[in-house]
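Structure first, commentary second.
The values are calculated or read from the model by the stated rules, or taken from the named source; none is laboratory data. Computed from a predicted structure; not experimentally measured. Cβ: placed from backbone, ideal geometry, glycine included. Neighbour counts: every protein chain shown. Note: areas computed on protein heavy atoms with side chains; ligands, DNA, RNA excluded. Shrake-Rupley method; radii C 1.70, N 1.55, O 1.52, S 1.80 Å.
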Amino acid sequence: MQTEEFLIEKAKRLYEDKTGWGDSEEWTNQDFVILSEKIQERTGIALSHVTLKRVWGKVKYDSLPNTHTLDTLVQFLGYANWREFKSQNGNGGIARDKVKDVVINGNGIHHEPPRVAVAKKRKIPYKPLLITAAALAVAVLVMYIKWWSPNVAKSDYSFSSKKVVSVGVPNSVVFNFDATKSPTDSVIIQQSWDPKLQVKVSKWQHQHTSIYYLPEYYTAKLIVRGKVVSRHSLLIKSNGWLAAVMQDPVPVYFSRQDASRDGMLSLSAEQIQSRNIKMQPAPPTVVYSNVTDLGEIYTNDFTFETSLRNDYREGAAACQNTNIFILCEGTAIAIPLCAKGCVSNLNLLFTGFFASGREQDLSAFGVDFSSFVKVKVESKNGKGTIYINDKPVYTVNKDIIRSKIVGFDFGFQGTGSVDYVKLTNGKVKYEDDF
């Protein structure tokens, strides 16, 4: 998950906590109408309920919210602007003490009175009439939505899937569903956490197929009128280590044999160019991935080791951006590396913990890729420690979510090499030296 997306999810969790409405995926259109009114009441800025539904992924939208929208969202929570929210929440925690008190009763959200009184301007006779008419119109709309909109009950829907092949990618997945009781003519199937991967299907259909191009742990969802009525996990396994160059819409795959040389996982620039993929002016991203059954090993108790090198630094690849992903059920650990002068662009993720190089000192993750870099991650008793070349460089001591580890993913700007991978918890042991 990228920086902005991760923080937007945190803001949503704050709204859930402070409104008391529970899981926002259960919120109805009426909830967003009321929330829109209360945001304007508190901030003086209008965000339509449609805009809010876009932010919450209820309406398909391919872009992140603009700065104006983000500023207004967090001003409702008591922050000056989005920048302040990022600076105080970029370390993985949520600065809950900043959020103004919010309580709920049957009529919606109520806030404490504004601290500063606004001087009244000269009264205009027709203004009270307009305000009264607007309030009446809103009340009628809310009542209509509340009393006449069809209810969406989860028990009315079924949703399951089966993979066409047990392991390997590309992999088609057949979704079986029953949405005939939907109040709308179409429903949405979402392939993963990413709302961009949505497709609209007829409620009278009972099957739909999608292609997954990369191995990973996904969560598929069936969405009716903006409400998630059913979801299930979907683990797309690789058949051993997969090497691919990311291209849209389909990656360019390389065989394990093509990507193995001198006891390493490695693709040369010449191999990539032989597939008619240009290295400049926009260097591609090379991915090595292995998603499999690693046994009972979890993020709160493990040791991971690897040695890697980014092999390309020409032109636009001067930063040599590199990421190590330890893939987990529903989350991940992401260790970023780059050339020393580019650390501002780094983002670190440790399950529920997040840190941005723009707001924290991640300079220790700037490395010299002229030789292999050894990376080690230890997690024990709620504490995670990251080592680079045997030196502890970063400690995470909060927001570590216990989740089963299901695989690894290495991403290199340009291209790179991996010498070995080790994972253990004392009982379970995985090791590959290629």
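Summary of values
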quantity	calculated
Net length gained if the chain between residue 360 and residue 231 were fully extended (0.36 nm per residue, minus Cα distance)	42.9 nm
Solvent-accessible surface (1.4 angstrom probe) belonging to residue 87, in square angstrom, nearest 10	70 Å²
Accessible surface of the range 205-262 [probe 1.4 Å, protein heavy atoms]: carbon and sulfur percent	44 percent
Residue-span extension gain [residue 46 to residue 258] - 0.36 nm each, minus C-alpha spacing	70.7 nm
Karplus-derived 3J(HN,Hα), 6.51/-1.76/1.60, for each residue of the range 230-238, Hz, glycine and proline x	7, 8, 7, 7, 9, 9, 9, 8, 8
For peptides 205-212, 279-286, 326-333, sequence by mean Cβ density within 10 Å, most packed first	326-333, 279-286, 205-212
R0 of 30 Å, Cβ-Cβ distance residue 205-residue 387: FRET efficiency to nearest 0.05	0.05
Straight-distance crosslink candidates among aspartates and glutamates, where the alpha carbon sits under 16 Å from residue 58 and sequence neighbours closer than 8 are dropped	5, 9, 16, 23, 25, 26, 31, 194
Under 17 Å from the Cα of residue 422 - aspartates and glutamates, other chains or at least 8 residues apart	293, 296, 301, 305, 378, 390, 409, 431, 432, 433
Rounded FRET efficiency, nearest 0.05, which uses the C-beta distance separating residue 431 from residue 313 and R0 of 30 Å	0.50
Above-threshold pairs, the threshold being 22 Å between Cα atoms, out of 163/221; 200/237; 12/86; 163/200	200/237
18 Å Cα-Cα threshold exceeded, pairs from 10/340; 162/227; 10/398; 227/404	10/340; 162/227; 227/404
Per-pair calculated FRET efficiency, R0 = 22 Å: residue 197 and residue 6 via Cβ, rounded to 0.05	0.80
Accessible surface of residue 25 - all protein chains present, 1.4 Å probe, nearest 10 Å²	40 Å²
